[in-house]
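Quick notes on the structure that follows.
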Amino acid sequence: MPCYFCEKKPREYMTGYWCESCREIKNLCNVYGYDRVLDILKKVCIRNEEQLENKIKNNFKKEKEITDESYIKPKTRSQYNNEDK
Ligand SMILES: [Zn+2]
């Protein structure tokens, strides 16, 4: 019979309901509180996923900017000199 929580791994004990991992999760929840653990999971996991997406988007943006810049902004020596004045 699989674990009641993950529904994948086999139960740790014949008489128990959870696998080893889920029992540990349950123990952590008992220590920190279920709401707190759920809150942490939501914040950390969902946020990291968003950050990952942002990172991917930013990298695409950067690549595009670098490509655009190399076409638009080849500065010559005279332009640098004018900026100094
Ligand atoms: Zn499990």
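The values are calculated or read from the model by the stated rules, or taken from the named source; none is laboratory data. Everything quoted here is computed from the prediction, not taken from an experiment. Ideal geometry is used to build each Cβ from the backbone, glycine not excepted, and the neighbour counts take in all protein chains shown. We work out accessible area using only protein heavy atoms, side chains counted, and drop any ligands, DNA or RNA first. Shrake-Rupley method; radii C 1.70, N 1.55, O 1.52, S 1.80 Å.
Tabulated values for the structure
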{"quantity": "Apportionment of accessible area to carbon and sulfur, region 1-66, percent (1.4 Å)", "calculated": "59"}
{"quantity": "Loop-located chymotrypsin sites (Phe, Trp or Tyr not before Pro) in region 1-64, at most 12 other Cβ atoms within 10 Å (DSSP)", "calculated": "Tyr4, Tyr13"}
